[in-house]
Structure formats: structure tokens, C-alpha cells
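Report on one structure; see the data block that follows.
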Amino acid sequence: MAGVDRALTRVETAALLAVAQDHAFGQSAGAQLRAVVIGQRLAAAAGLDSAERATTWWTSALRFLGCTGHAFESAVVFGDEIDLRSRALRADSANPTDEERYYHDHLDPSVNTWDQGRLPSWMQEQAQENNT
């Protein structure tokens, strides 16, 4: 088997990360890349210049890149964090009441700390306990 004779480009690396984001969010394969195509079509229709279209490409491709950084803590509180993120993408995030109800409904039943001030510190405590 011959070795790889070239390095991945930044665009190829970003596309691979976009595919990984599909998996992290429980989305169908290619969902993130389809968002990139839609973003590019919207940018072209809006008459954006090439620099603005490039910004649209990168932000579309990498829009969820850091969103799994708290996966462990989310799993502690909500259980299956991939299912949670998948369902969260379909929640009405413009409606704070709907958003709060959504997360509350998915909260682990053993967690009795659902008040806005206590939950973040409880998540940190759980993460620290589980990492020791």
C-alpha cells in the first residue's frame, strides 16, 4: 500500500470536522455540509463578495465545532447528550420558555437541583466527582 503523498488542506480538514459534527449532533450524514451549500447559495443570492462568501463557508462548516466541549457534563445531567443535542436542534430556541421546558423535560430524574442558579454549579460538582 502506497503512503499518502500530500497533506490535507484546511478545507478538507474542515469538511471532515463538519462530518464529525453530524455524528455529535445525531444528524444524518452530510447535514452539516448541506448547510454549507445552502449558506453559499444564500450568500451568492445576496450578492456577497468573495471574502464574505468565504466567511459564510467557514462559519457554516464549523458552526457547531465547540458545542460538544461540555458533552461529559451534559451526559451527567441529561443522560444521552447526543440525543439531547439532536432534539435540541428541533426546539424553538427563540422561545426561552420552550427552551427551558425542553431541557427540564430531559433532565435526569435523580437531579433535583433545577433552579437557574444551582444547576451549573451542580454540573461542575458532578463532573469533578466523576473525574476523580
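The values are calculated or read from the model by the stated rules, or taken from the named source; none is laboratory data. Remember, predicted model here, so these are calculated numbers, not experimental data. Cβ atoms come from the backbone with ideal geometry, glycine included; neighbour counts cover every protein chain shown.
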Give all pairs with beta carbons closer than 6 Å in which a residue from the range 50-72 that is over 10 Å from residue 39 (Cα atoms) and modelled with pLDDT of 80 or more meets a residue that is among the polar types (S, T, N, Q) and assigned to a helix (DSSP H, G or I); count only pairs at least 6 apart in sequence or on separate chains. 64/21
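Yes/no per residue for (1) at pLDDT 75 or above; (2) within 24 Å of residue 20 (Cβ to Cβ); (3) within 20 Å of the chain's Cα centre (by Cα):
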| site | (1), (2), (3) |
| --- | --- |
| 84 | yes, yes, yes |
| 91 | no, yes, yes |
| 96 | no, no, yes |
| 111 | no, no, no |
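What about residue 39, is it surrounded by 15 or more Cβ atoms within 10 Å (Cβ to Cβ), at pLDDT 90 or above, over 30 Å from residue 105 (Cα atoms) and not basic (Lys, Arg)? Can you show your working first?
Details: surrounded by 15 or more Cβ atoms within 10 Å (Cβ to Cβ): yes; at pLDDT 90 or above: yes; over 30 Å from residue 105 (Cα atoms): yes; not basic (Lys, Arg): yes.
So residue 39 passes the test.
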Identify the residue in the range 55-88 that is among the acidic types (Asp, Glu) and either assigned to a helix (DSSP H, G or I) or touching a Ser or Thr at 6+ places or on another chain (Cβ under 7 Å) (or both) and, among all such residues, is surrounded by the most Cβ atoms within 10 Å (Cβ to Cβ). 81
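Please tell me if residue 34 is under 30 Å from residue 105 (Cβ atoms) and either of a type outside the set (Phe, Trp, Tyr) or modelled with pLDDT under 90 (or both). I'd like the intermediate steps shown before the answer.
Working: under 30 Å from residue 105 (Cβ atoms): yes; either of a type outside the set (Phe, Trp, Tyr) or modelled with pLDDT under 90 (or both): yes.
Judged against the criteria, residue 34 is a match.
I'm trying to understand the selection: among the residues of the range 43-54, which are in a helix (DSSP H, G or I), exposed (fewer than 14 other Cβ atoms within 10 Å of the Cβ) and either of a type in the set (A, V, I, L, M, F, W, C) or in contact with a Pro (Cβ under 7 Å, 6 or more places away or on another chain) (or both)? Quick ask: steps written out before the conclusion?
So the first thing to find is which residues in the range 43-54 are in a helix (DSSP H, G or I), and the list is 43-45, 50-54.
From what's left, exposed (fewer than 14 other Cβ atoms within 10 Å of the Cβ): 44-45, 50-52, 54.
Hits for the range 43-54 are 44, 45, 51, 54.
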Which of the residues spanning the range 1-36 are of a type in the set (S, T, N, Q), assigned to a helix (DSSP H, G or I) and surrounded by 15 or more Cβ atoms within 10 Å (Cβ to Cβ)? 21, 32
